[in-house]
Amino acid sequence: MGSFDSAVSHDEFFKTLAEKSDGGKLRGDYSRADAQYVVQQDMAQYTPEQQALWRRLYERQARLLPGRACDLFIESLAALDASSEIPNFDRTSDALEKATGWRLVAVPGLVPDQTFFEHLAARRFPVTVWLREPHEFDYIVEPDVFHDFFGHVPLLFNPIVADYLQQYGQGGLKALKLGGLKNLARLYWYTIEFGLIESPQGLRVYGAGILSSGGEIEYSLSSKDPRRIGFNAERVMRTQYKIDSYQETYFVIRDFQQLFDETAPDFTPVYERLSQLDDYPANTLLTGEVDLGSS
Ligand code: PHE
Ligand code: CO
């Protein structure tokens, strides 16, 4: 399972998670995780009720995709054939490895930043094993298997996104040393989780946080309220984000190559610069910036 070079203290991790999770309590069972927080995905643990809940989540969400999700996502998702049951990560990994050299690893839930970056840098995507409860159908605090798999895995089949995410992992390990984590994390948030992309037919969604949400997928494209601004890496890294409501700003890329190219330069001087500057609130529209409007 790769290298076990990280020694992230569990105590430290659970302390910092108090901020990210529901009152600091984590849902997953971390007792059987290895040093990289990897667990076995036990297919037998999923009950028929959970499989039925997966199907309901999948059906609702798949119906919302045409005309809203980017084509690449829709095509890759269909090829995954995951509509009828919670997918077996090993089986998906075999197909994924052939396409882009990535594999999925099962995790109990959120993992420490350093561990997360180490997985990405080694082309391993951590996917949470557990599924939300029925009363969390529309909203869940921590990522579950539906968000992680449905939202994230399809785009891992795209070579440019696959490379971008690996570079992001490497950049994360660097940011930890340079004190740039806050700025770098915003890139992940505003692209991989909440990104919009141009298409000849209009704006489309590629961010997993939107694609796995019953409400935000329509809101992000059609509501008059949020700003939709052309992507600029440094602008994104300066911008705060909302974790408990729909986003107030979405950043729009022209294509995945733009995302890759704009984040390829060394961020060392960028972190240095941004540390001297104030953050932008999530709802900022700067002079000269164009709101691309709703579709
Ligand atoms: N180029 C960035 C750096 O030098 C790393 C990075 C790559 C960050 C891709 C985000 C996405 O730190
Ligand atoms: Co996510």
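The values are calculated or read from the model by the stated rules, or taken from the named source; none is laboratory data. This structure is a prediction, so every number in the text was calculated from the model and none was measured. Note that we place each Cβ from the backbone using ideal geometry, even for glycine, and neighbour counts take in every protein chain shown.
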Practice problem: Output the residues belonging to region 244-293 that are hydrophobic (A, V, I, L, M, F, W, C) and touching a residue at least 60 places away in the same chain (Cβ under 8 Å). | Solution: F251, I253, F256, L259, F260, A264, F267, V270, L274, V290, L292
Quiz item: Where residues in region 186-209 are out of contact with any strand residue (DSSP E or B) (no Cβ under 9 Å at 6 or more places or on another chain) and among the polar types (S, T, N, Q), which of them is farthest from ligand 2 (Cβ to nearest atom)?
Solution: Q201
Quiz item: Residues in region 125-143 that are over 15 Å from A52 (Cα atoms) and within 15 Å of ligand 2 (Cβ to nearest atom): how many?
Solution: 10
Quiz item: Which ones in region 79-92 are outside any loop (DSSP other than H, G, I, E, B) and either closer than 26 Å to E49 by Cβ or of a type in the set (F, W, Y) (or both)?
Solution: L80, F89, D90, R91, T92
Quiz item: Which residue pairs have Cβ atoms under 6 Å apart, sit 6 or more places apart or on different chains, and have a first residue in region 207-235 that is under 30 Å from R273 (Cα atoms) and a second that is within 16 Å of ligand 2 (Cβ to nearest atom) and charged (D, E, K, R)?
Solution: G207/E193; A208/E193; G209/E193
Quiz item: Quick one: in region 178-187, which of the residues that are within 16 Å of the chain's Cα centre (by Cα) and within 8 Å of ligand 1 (Cβ to nearest atom) is surrounded by the most Cβ atoms within 10 Å (Cβ to Cβ)?
Solution: L187
Practice problem: Inspect all residues belonging to region 157-168 and state whether any of them is in a helix (DSSP H, G or I) and over 23 Å from P265 (Cα atoms). | Solution: yes
Quiz item: For region 45-70, what are the residues that are buried (at least 16 other Cβ atoms within 10 Å of the Cβ) and either part of a loop (DSSP other than H, G, I, E, B) or touching a Ser or Thr at 6+ places or on another chain (Cβ under 8 Å) (or both)?
Solution: Y46, Y58, Q61, A62, L65, R68, C70
Practice problem: Examine region 128-151 for a residue that is surrounded by fewer than 22 Cβ atoms within 10 Å (Cβ to Cβ), within 14 Å of ligand 1 (Cβ to nearest atom) and either over 16 Å from S212 (Cα atoms) or modelled with pLDDT of 95 or more (or both), and state whether such a residue exists. | Solution: no
Quiz item: Which ones in region 166-177 are more than 8 Å from ligand 1 (Cβ to nearest atom) and in contact (Cβ under 8 Å) with a residue 24 or more places away in the chain?
Solution: Q166, G169, L173, L176
Quiz item: Out of (1) in contact (Cβ under 8 Å) with a residue 24 or more places away in the chain; (2) within 12 Å of ligand 1 (Cβ to nearest atom), what's the single condition that is false for T115?
Solution: (2)
